Amino acid sequence: MVQGTMGYQFQNWATTYSSEPELYFEPTTVEEIRQILELAKQRKKRVKIVGCGHSPSDIACTDDYLIRLNKFNRILQVDKERKQVTVEAGMVLSDLNEKLDELGLALSNIGAVSDVALGGVIGTGTHNTGIQHGILATQIVAMTLMTAAGDTIECSYTVNRELFQATRLHLGSLGVVLNVTIQCVPAFKLHLQQFPKTLTEVLNDLDTHLKASEYFRFFWFPHTDKVTVFYADRTDKPIKTSSSWFWNYAIGYYLLEFLLWISAFFPRLVPWINRLFYWLLYSTKVEQVKRSDKAFNFDCLFKQHVSDWAVPIKQTRAALEQLKDWLDNNPNVRVHFPVEVRFVRADDILLSPCYKQDSCYINIIMYRPYGKEVPRERYWAMYEEIMKRNGGRPHWAKAHSFLRQDFEKTYSAFHKFCSIREELDPSGMFLNNYLEKTFF
Ligand SMILES: Cc1cc2nc3c(=O)[nH]c(=O)nc-3n(C[C@H](O)[C@H](O)[C@H](O)COP(=O)(O)OP(=O)(O)OC[C@H]3O[C@@H](n4cnc5c(N)ncnc54)[C@H](O)[C@@H]3O)c2cc1C
């Protein structure tokens, strides 16, 4: 029988949420996972699986049993003809990227970081950008789940299809995801182009940008009209990077953190910092060629609070203009750069923020320089109000104020997901505070 450890402290990446599970487990076999679920059932304990703890919310917190699947990190099967791999759900994307590259394969899209586990990425609807690309879970073609009863169930487009529509954004609420089969693509490189524009120009030419680049996104610098556009497109050109320790770290990390810390005492500096860093790092044209995963990932710098809602793509202009107008009319509210804007294709995953609608994700950020909290309440409240006004749905990983009645209004398949969850986990073994706010 696998032994649980007492006294383990769980903390998420941003150190904004933590919990002290009664027992912490790192099982090595499927049978051990089943035994932990059985023990939890006997002792009436709840269970949470944690991936890499990167979610900026309490979604992975529990006071009862916490299971980390870090030992479930193998590729189980490779179907070279179909370019599909079956992988254990604890595998971290940074390892998977390397293994796929050795096989001449790659994921067609990944988020900004690869220090995340497959089970976690699928759990929260992790996304990147590219209007022909869905959230990352749309690359999954089959999954194996262990339910609260200890049974294993397979699901895919052809087997248990309804369950498959639910498990590809499971919130950790349906069971333990054991394995996933991923549709990969041949390994590829991306030609990255970064160039300056104004917000008005980008919004006027949005359709052109969406068509011009496979993975188009942009940064808007609040308190200015400045934007940096990022294009990323497949290429056969040789690798060419322009990384410089001085610009990326001395300026882009250490100086920025120091100035943001000073601005916590003198908030009037924030608009000036936004303009300065735009001018120093983002106002010139930059071109690079990188392996795809290295091109998708970027340095997310130091600890931070973020919020990231998806609005229907036709609301992009309205949502951004309303946010800009509000900031312009409230000069006492000073907010950090960037506001990151990304675009994602519609899908059929029951709880996906992109369920049945092409979407624009608008991500806001307030850093915590050297761990110092900076006031963000008014910014967050107005951002959420604007997102709601524009039909927004929050990113599941990132703390938000939506409750069950809001999900019922904005997700036509919410009830379907709830009945699947209630059937698979009638006693609520996989619930925690976050999920109670969602489902009750
Ligand atoms: C620096 C940074 C950058 C980020 N960039 C992006 C981005 O570009 N795009 C984006 O969309 N998000 C982004 N995120 C959010 C991140 O992708 C999600 O929070 C993702 O879920 C993290 O994966 P994880 O392995 O850390 O999951 P965790 O936070 O550990 O867990 C997430 C959920 O999955 C459940 N879970 C995990 N594994 C399993 C399993 N095997 N079975 C059942 N349940 C499981 C957990 O219980 C929990 O409910 C970023 C976060 C950070 C900190």
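The values are calculated or read from the model by the stated rules, or taken from the named source; none is laboratory data. Since the model is a prediction, treat every value here as computed from it, not as a measurement. We place every Cβ from the backbone using ideal geometry, glycine too, and count neighbours over all the protein chains shown. Please note that ligands, DNA and RNA were not included when accessible areas were found on the heavy atoms of the full protein model with its side chains. Shrake-Rupley method; radii C 1.70, N 1.55, O 1.52, S 1.80 Å.
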Antiparallel DSSP beta bridges within the chain, percent to nearest 5: 90 percent
Can you check what the net charge comes to around Leu103, using other residues whose Cβ is under 11 Å from the Cβ of Leu103 (Lys, Arg +1; Asp, Glu -1)? -1
Taking the Kirkwood radius as the inverse of the mean 1/r across Cα pairs, report the Rg/Rh of the chain. 0.96
Treat every Asp and Glu Cβ in segment 288-373 as -1 and every Lys and Arg Cβ as +1, leave all other atoms uncharged, and give the resulting dipole magnitude about the Cα centre to the nearest 20 debye. 260 debye
Quote the charge dipole size of segment 367-440 about the Cα centre in Debye, to the nearest 20; the model charges only the Cβ of Lys and Arg (+1) and of Asp and Glu (-1). 380 debye
Sorted by mean Cβ packing within 10 Å, highest first, what order do the peptides 184-192, 246-254 take? 184-192, 246-254
How large, in percent, is the carbon and sulfur part of the accessible surface of segment 1-83 at a probe radius of 1.4 Å? 43 percent
Quick one: work out Rg over Rh on the C-alpha atoms of segment 372-431, Rh as Kirkwood radius. 1.09
List the pair-distance distribution P(r) of segment 23-175, using every Cα-Cα distance, as the percent of pairs falling in each 5 Å bin from 0 up to the bin containing the longest distance, rounded to whole percents. 2, 9, 17, 22, 22, 16, 8, 3, 1, 0
Counting only protein heavy atoms and a 1.4 Å probe, tell me what percentage of segment 288-440's accessible area is made up of carbon and sulfur. 49 percent
Residue by residue through segment 193-203, which ³J(HN,Hα) values in whole Hz follow from phi under the Karplus form 6.51 cos²θ - 1.76 cosθ + 1.60 (θ = phi - 60°), with glycine and proline marked x? 10, 10, 8, x, 8, 9, 4, 4, 4, 5, 5
Please compute one quarter of the surface area of the Cα convex hull for segment 301-440 and express it in square nanometres. 9.5 nm²
Quick one: what are the phi-derived ³J(HN,Hα) couplings along segment 310-327, Karplus 6.51/-1.76/1.60 with θ = phi - 60°, whole Hz, x for glycine and proline? 9, 10, x, 4, 5, 8, 3, 4, 4, 5, 5, 5, 5, 5, 5, 4, 5, 5
Pairs beyond 23 Å (Cα-Cα), from Lys45/Lys409; Lys226/Lys324; Lys99/Lys290; Lys71/Lys437: Lys45/Lys409; Lys71/Lys437
Sum of -39500 (n - 2.57) over DSSP H runs of 4+, divided by residues of the chain (222 nm, nearest 500): -8000 deg cm²/dmol
Taking the mean number of other Cβ atoms within 10 Å as a proxy for protection, how do you rank 269-282, 221-234 from highest to lowest? 221-234, 269-282
Segment 190-394 accessible area per residue, 1.4 Å probe, protein heavy atoms, integer Å², reads 44 Å²
Limiting things to C-alpha atoms, what are the Rg and the maximum Cα-Cα separation (Dmax) for segment 10-68, in angstroms? 11.7, 34
